[in-house]
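Down below is the structure, laid out as structure tokens.
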């Protein structure tokens, strides 16, 4: 049953969609076929695809004494989730400022005695497989701002 | 009786010398329900300290920013938290903790199985609201877990953990078979489209994707820098991933290939858990695969045990 669905059903739907498109009939049926397929292919199940995103490091330093503050996270699961926010800051520039501000509030609330911080989001520039040499990994600045209250 | 035992014995051809029916006489859907409940409980308990930062309106991503980015005003966990704050005059932290305790309670009820479908509906609503309130902090695990809970609302997921055979009456029904196929198609869809998406990226064809996944924070857990000396290794892993994911709907159906293919899928998820630090995601996918392929026998149902009553003549 599942073989039939994947082997016949999906190609049939796509062929129908293609033919309707060629015939210039942007029908309701066409959009009904295309939308679920595009939703599945491009929105829903896109784990680690099409390529692997860069890794990021958030660096918080106090001002003016420039002491590095570790970003508090109790579990690896939380660290994984933080990475999604860093990625969003890099990819969605229009909301980057608001997200960095939110991260600054988080850091400042974790260090009650601190009143001003410099927050840098760095992109981890991993060399390609063929170019990798030990201890030669660079970082690129994605976003930097100072926050105080 | 189609039970886990029958599935395991047909899968591994273990001779049924020991009567393990007594221990494993749980239908696949009961196992599905109980496993999902345990994963949910495990997730909350392990991440208890971080939950306010993930779900709180004053957490890592403030509620206002989350609402703008998620572009939604739907039901979210923060609505429940706000309600508790108003009702019981609690701080946000305590209101989140209370909400999570209620969530734990419902997951416990889901495990026990009393009025399981209704409880599954409540669990799904709570889980969906959690994702809504932490849109940017959610990832694949949350989405697939939420889908599984949604299926639990409609499937014959059993009535009791301690009397597992109660759901056996549903085993031969059409809805039972349809349910199993629904889960199988769902799982196949996940792998197929995930594989097709990967195929559109050049890194998965060269092995660079595996290299980047295992060598970058925060996913890096092991030192696999020796991959640079032997680039054929990440390339093999990368191409294997493409093959496994895109051919999953086909090869997992073929019974002769299934055990080997199943082992490859489990191996892939174990690698993800160990090397890429996505523990909950891997546990969920391994569990889902076991329930869907290992606990159900497609054909030739086992003979029903007969009970002979000796009548006094």
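Where a number appears in this text, it was derived from the coordinates with a stated rule and is not lab data. What you see is a predicted model, and the numbers here were worked out from it, not measured in a lab. With ideal geometry, Cβ positions are generated from the backbone for all residues, glycine too; neighbour counts draw on all protein chains shown.
Observations
- Shown for the stretch A:87-149 is the translational diffusion coefficient from the Stokes-Einstein equation, using the Kirkwood radius over Cα pairs, a temperature of 37 °C and a viscosity of 0.692 mPa s: 243 µm²/s.
- Cα-based radius of gyration of the stretch B:204-243 once divided by 2.2 N^0.38 Å, which approximates compact folds: 1.07
- Put in line by how crowded their Cβ is, counting other Cβ atoms within 10 Å and starting with the fewest, B:79, A:83 read B:79, A:83.
- This ranking places B:41, B:102 by how few other beta-carbon atoms lie within 10 Å of each, fewest first, which gives B:102, B:41.
- Here the simple spin-label model places points 7 Å from the Cα toward Cβ, and for residue B:93 and residue B:105 these points are separated by 2.3 nm.
- Estimated from the Cβ-Cβ distance and a Förster radius of 35 angstrom, the FRET efficiency linking residue B:48 and residue A:91 is about 0.70.
- Projecting label points 7 angstrom from Cα along Cα→Cβ for residue A:61 and residue B:266 puts them 5.0 nm apart.
- Computed from the C-beta positions of residue B:68 and residue A:101, the FRET efficiency with R₀ = 22 Å rounds to 0.95.
- Virtual spin-label span in nm between residue A:141 and residue B:258, 7 Å along Cα→Cβ: 5.9
- Footprinting exposure proxy for A:103, B:182 (fewest neighbouring C-beta atoms within 10 Å first): B:182, A:103
- Size of the stretch B:77-133 as Cα extents on the principal axes (Å, biggest first): 33, 20, 14
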